[in-house]
Every structure is written in C-alpha cells, then in structure tokens.
Amino acid sequence: MKKKVMESVGTIIRILLGLLYISPLFVGLLFSFQPDSEIGMAPLRLFTKNPTLENYKYVFQHIPVLTYLKNTVIMILICVPCQIILASIAAFAFSFFEFPFKNALFTVYLAAMMIPGEVVIMANYMTIQNMGLLDTYLGMTITSLVGVTGIFMLRQNMKSLPAELWEAARIDGCKEMRYFVRVVMPLSTPVIAAMAINSFIGIYNAYFWPMLVTTTDNMRTIQTGMAYLMSSDTLRYGEVLAGSVLSLIIPAVAFLFGQEYIIKGMTAGAVKS
C-alpha cells in the first residue's frame, strides 16, 4: 500500500513538473490571440474576451513564412540523410573492422564532441566565404553533414549486436556491405530514428549559422526569418508571439510522434548481449 502511494505521489510530481516546464508555451499561445492593447494591460490576463487572429494575419502578410519553411525543409532534406548515411558507415567501420589507429581516431572523434561550435564558427565562415558559398544551400548545410554524436550512438548500438550474427554471416559468404544493409541497419532502426529526429529538430531550430551565411531574404530559414519580427521599429508582442508559435509547431509535432524512438534510441546498446 505504501509503495502504491509513493508511486502515485511520484507520478503527480512528474506531471506537475511537466506542466511547469511547458507552461511558457501555453502562455505564449494564449497571448498570441490577444491584441497588443490587452497584452500591455496590468494585470495580465491569460484569457481574453476578444480573441483575434490579427497577429497571425500580420505575420503571413509581412513575413514570407512559406519561403522560410521551404529553405528550412531543404536544409533538413540535405543534412538528415547525409548524417544518417555517413554516421552509419563510420560506426560500422569502427564496430566491425580493425585498422591502424582505430582507437586513436575514435578518441579524436569523441574529443570533437567537446569543442563548442562557437570556437570554430569564424573559421568555418571564412572558409565558406572564400569558397563563394554564401547564400547557398551548400553553404548553409555543409557544416552539418556529419554528426559526431550520431557516430557515437550508432557505434555503441552496433557494438552491442551479437558477435554470432557477424560470424554466421561471414561463414555463409555474406559480404560486408550486404551484412551492413540487410542486418545491421534494420537492427539499428531505433537509434537511427532517434538520431534522425534529433537532427531534424536541431537543424530546424538552427539560428546563428544560417543567419551568418545568408544575406538575402529569400534564403533565410524559419528561425532567422521570424527573428526579424523582434527587430522592427515598433515592437508588437502579439505578432512576435504569433511568429514564435508558428515556428514551434513543426518541431513540437516531430518530438510528440518521435519521443518513443528517441527513448529507444538512447537506451539501445545500454546492455550488451
């Protein structure tokens, strides 16, 4: 009985903490339907008697939302498949092959995870500029084509696969790439799905790098484009909140439907057979 009570209390605490964590999203959503005259009133009211869509109408009329979304989707379609393919091949090599300096090279990969992106961002920018890739999709995506975190996750998962599978496949004459495509990749689906969702959300929310390498309005992404609502001469909080809500819808839906894969991917390989 005492155990059930403690479990119920723990569940209630987790629910309350979850509601507290997402409460700013609900507050922003409610305020986005209020006119600026009410948002500036004291005391603030979460629920308005006169809900309006004018803030959203202003965003669509003055901000090329569809153009920004198109650019963001193109970035995602370039980066996510490249990250999955390159990380899978690298993880397969680190897991199933022996070659000189294998452990040293993987250590270098792990060390790269600890380097803040801000340290190399100016060097990357100067490289992109010298290559003439400013305001191009290649310039926006080239620094995100490979993810060290994805290589690490996939390697840990592949190392947990039974060694008997690999030995049996080699005895049956199965070549390395066939084993990789037919056996390793299907068994790594949860990790690949988690990696894809994390990459999707990360690229969708990318702000500083796309802002740095784009100078024209028709190449900006959704996050950099919506930020210009904050730089207008007269700051209108309702329109800023409406733009924020619009930019949050897609990653929120992606996380909602992909959270199961994220959990499976994070725990896959935790126990070695």
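Residue by residue, here is whether (1) aliphatic (A, V, I, L, M); (2) surrounded by 12 or more Cβ atoms within 10 Å (Cβ to Cβ) holds:
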| position | (1), (2) |
| --- | --- |
| Leu17 | yes, no |
| Pro24 | no, no |
| Leu29 | yes, yes |
| Phe33 | no, yes |
| Ser37 | no, no |
| Thr48 | no, yes |
| Glu54 | no, yes |
| Thr72 | no, yes |
| Ala91 | yes, yes |
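Is it the case that Thr143 is hydroxyl-bearing (Ser, Thr, Tyr) and more than 14 Å from Cys82 (Cβ to Cβ)? Judged against the criteria, Thr143 is not a match. Output the residues belonging to the range 24-67 that are in contact with a Ser or Thr (Cβ under 6 Å, 6 or more places away or on another chain) and over 12 Å from Ala242 (Cα atoms). Result: Glu38, single match. Hey, any hits in the range 221-234 for a residue that's crowded, with 20+ Cβ neighbours inside 10 Å, over 30 Å from Glu167 (Cα atoms) and modelled with pLDDT under 80? Taking every residue of the range 221-234 in turn, at least one turns out to be crowded, with 20+ Cβ neighbours inside 10 Å, over 30 Å from Glu167 (Cα atoms) and modelled with pLDDT under 80. Thr149: in contact (Cβ under 8 Å) with a residue 60 or more places away in the chain, in a helix (DSSP H, G or I), surrounded by 14 or more Cβ atoms within 10 Å (Cβ to Cβ) and not aliphatic (A, V, I, L, M), yes or no? For Thr149, the condition - in contact (Cβ under 8 Å) with a residue 60 or more places away in the chain, in a helix (DSSP H, G or I), surrounded by 14 or more Cβ atoms within 10 Å (Cβ to Cβ) and not aliphatic (A, V, I, L, M) - is not met. Residue pairs whose Cβ atoms lie under 9 Å apart, separated by 6 or more positions or on different chains, with the first residue in the range 167-192 and modelled with pLDDT under 85 and part of a loop (DSSP other than H, G, I, E, B) and the second hydrophobic (A, V, I, L, M, F, W, C) and surrounded by fewer than 15 Cβ atoms within 10 Å (Cβ to Cβ), are Cys174/Ala168. The single condition among (1) buried (at least 16 other Cβ atoms within 10 Å of the Cβ); (2) within 22 Å of the chain's Cα centre (by Cα) that Val183 does not satisfy is (2). So is Ala112 of a type in the set (A, V, I, L, M), over 20 Å from Arg220 (Cα atoms) and crowded, with 16+ Cβ neighbours inside 10 Å or not? When the stated conditions are applied, Ala112 does not pass them. Going by what's in this entry, would Ala196 be described as farther than 30 Å from Thr52 by Cα, without any contact (Cβ under 8 Å) to a residue 24 or more places away in the chain and outside any loop (DSSP other than H, G, I, E, B)? Taking the combined requirement at face value, the residue does not satisfy it.
The values are calculated or read from the model by the stated rules, or taken from the named source; none is laboratory data. Predicted, not measured: the structure shown is a model, and the values here were computed from it. Glycine gets a Cβ as well: all are built from the backbone with ideal geometry, and neighbour counts include every protein chain shown.
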